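The values are calculated or read from the model by the stated rules, or taken from the named source; none is laboratory data. Quantities reported herein were computed from a predicted structural model and do not represent experimental measurements. Neighbour counts run over all protein chains shown; Cβ positions are idealised from the backbone, glycine included. For the accessible areas, the whole protein counts, side chains as well, though only heavy atoms, and no ligand, DNA or RNA atoms are used. Shrake-Rupley method; radii C 1.70, N 1.55, O 1.52, S 1.80 Å.
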Amino acid sequence: MRYEECTEGRVFVLRLDDGEILHEAVESFASRHGISAASVTAVGGAGKGSRLVVGPQIPLSSPVVPLYHELNGPHELTGTGTIFPDAAGVPVMHMHCSCGRDGSSVTGCARAGVKVWLVMEVIIREIKGCASKRIRDDASGFELLAPGAE
């Protein structure tokens, strides 16, 4: 386990509009407002054509090859995630969300492109005094969180 003690900073309430891409809108907002680290929650609608990463393809490989799922219509969405900077200092959101419609659901990473359907509410809770960042792991191909990274 790796960890870092930080404090909570500003809290932002966002309303994303129809057609916006969830991670792009949140990352753009974070850049404009000087947010490098935060926790993020989202609730609202995910539109047709939204894509989620729903696991690694099997057989497993190194680096990992992602498996994608595309939504075939509007879905209800709830998600939780984080923002931390990459090696270049750019804020990157990592959010897992669950999307449901008519009794079935799919859960995955929003990074592949979740399109807002009508409206999505997002709460960003800034984390201050934090040196954590995302560092590329060659074995997995992922940018893994490195708490207290320098």
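Key figures
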| quantity | calculated |
| --- | --- |
| Of all residues making up segment 123-136, the number that are surrounded by 14 or more Cβ atoms within 10 Å (Cβ to Cβ) and over 18 Å from the mean Cα position of the chain (by Cα) | 2 |
| Check on Ala110, modelled with pLDDT under 95 and among the hydrophobic types (A, V, I, L, M, F, W, C) | no |
| Matching residues in segment 137-150 - criterion: being within 26 Å of Gly34 (Cβ to Cβ) and open to solvent by less than 70 Å² (accessible area, probe 1.4 Å) | Ala146, Pro147, Gly148, Ala149 |
| Pair list, Cβ under 7 Å, 6 or more apart: segment 8-34 residue in contact (Cβ under 8 Å) with a residue 40 or more places away in the chain and closer than 20 Å to Lys48 by Cβ, other residue small (Gly, Ala, Ser) and open to solvent by less than 50 Å² (accessible area, probe 1.4 Å) | Leu16/Ala25; Ile21/Gly113; Leu22/Ala42; Leu22/Ala110; His23/Ala110 |
| Segment 75-94: number of residues that are more than 12 Å from the chain's Cα centre (by Cα) and open to solvent by 40 Å² or more (accessible area, probe 1.4 Å) | 5 |
| Options Glu4, Glu24: the member that is open to solvent by 50 Å² or more (accessible area, probe 1.4 Å) and more than 18 Å from the chain's Cα centre (by Cα) | Glu4 |
| Residue count for segment 36-74, restricted to those that are over 30 Å from Arg10 (Cβ atoms) and open to solvent by 20 Å² or more (accessible area, probe 1.4 Å) | 21 |
| Counted residues, segment 95-122 - those being in contact (Cβ under 8 Å) with a residue 40 or more places away in the chain, out of contact with any Pro (no Cβ under 6 Å at 6 or more places or on another chain) and open to solvent by 50 Å² or more (accessible area, probe 1.4 Å) | 6 |
